[in-house]
Amino acid sequence: IERTLSIIKPDATRRNLTGKINAKFEDAGLRIIAQKRIQLTEAQAGKFYEVHKERPFYGELCEFMASAPVVVQVLEGENAIAKNREVMGATNPADAAPGTVRAEFAESVGENSVHGSDAPETAAEEIAFYFSGLELV
Ligand code: ATP
Ligand code: MG
């Protein structure tokens, strides 16, 4: 059984889409074992996305992530990392498969509704960034 870190991004929380997105995760067999709504500062978003620091969209991405509350969550299930990314769809909604979160809800390649960890090591780091061990049962 695997765990992954998911974020419902500001474009989606603004449009009140948390429940619809969570239903897609649950329908795919992912269990939401931890969840909270927080508002990131730009500095906190910058720390979370530090791997993208040199990318041209970094500043815009951090500003966007701090522009409204986000819902951070831990999803658990068999192959949770890959399964979550499948449900999310491609980064650019124009390339996302029908039925995926990004195909249905994302507004652009930047404002693309969800984040999901991309590997076991990053999942562990990203979960620890937002949650303490006591919050994970
Ligand atoms: P995430 O890491 O959020 O799950 P991802 O792995 O599909 O998404 P990455 O390449 O890791 O995509 O990029 C991280 C985030 O940076 C994207 O989800 C998106 O919000 C933003 N981003 C990526 N590419 C662009 C771009 N060309 N222009 C603007 N924003 C972008
Ligand atoms: Mg990524």
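The values are calculated or read from the model by the stated rules, or taken from the named source; none is laboratory data. All of these numbers come straight from a predicted model, not from anything done at the bench. Methodologically, a virtual Cβ is constructed for each residue, glycine included, from the backbone with ideal geometry; neighbour enumeration extends over all protein chains shown. Quick note on the areas: whole protein, heavy atoms, side chains included, nothing else; ligands and nucleic acids left out. Shrake-Rupley method; radii C 1.70, N 1.55, O 1.52, S 1.80 Å.
Elements of the type helices (runs of 4 or more DSSP H) sitting completely within the stretch 17-135 and holding at least 3 residues that are open to solvent by less than 50 Å² (accessible area, probe 1.4 Å) and in contact (Cβ under 8 Å) with a residue 60 or more places away in the chain: these cover 18-27, 80-88, 120-130. If the condition is being in contact with a Phe, Trp or Tyr (Cβ under 6 Å, 6 or more places away or on another chain) and within 19 Å of LEU17 (Cβ to Cβ), then the stretch 39-73 contributes only VAL72.
Could you list all residues from the stretch 79-117 that are of a type in the set (Gly, Ala, Ser) and within 8 Å of ligand 1 (Cβ to nearest atom)?
Of everything in the stretch 79-117, those that are of a type in the set (Gly, Ala, Ser) and within 8 Å of ligand 1 (Cβ to nearest atom) turn out to be ALA90, SER108, GLY110, GLY116, SER117.
Residues that are open to solvent by 10 Å² or more (accessible area, probe 1.4 Å) and assigned to a helix (DSSP H, G or I) occur in the stretch 3-15; there is at least one.
Answer yes or no: is there a residue in the stretch 112-122 that is under 13 Å from the mean Cα position of the chain (by Cα), modelled with pLDDT of 95 or more and more than 14 Å from ligand 2 (Cβ to nearest atom). Steps first, please.
Pass one, the stretch 112-122, residues under 13 Å from the mean Cα position of the chain (by Cα): 112-118, 122.
Then keep just the ones that are modelled with pLDDT of 95 or more; that gives 112-118, 122.
Narrowing further to those that are more than 14 Å from ligand 2 (Cβ to nearest atom): none.
No.
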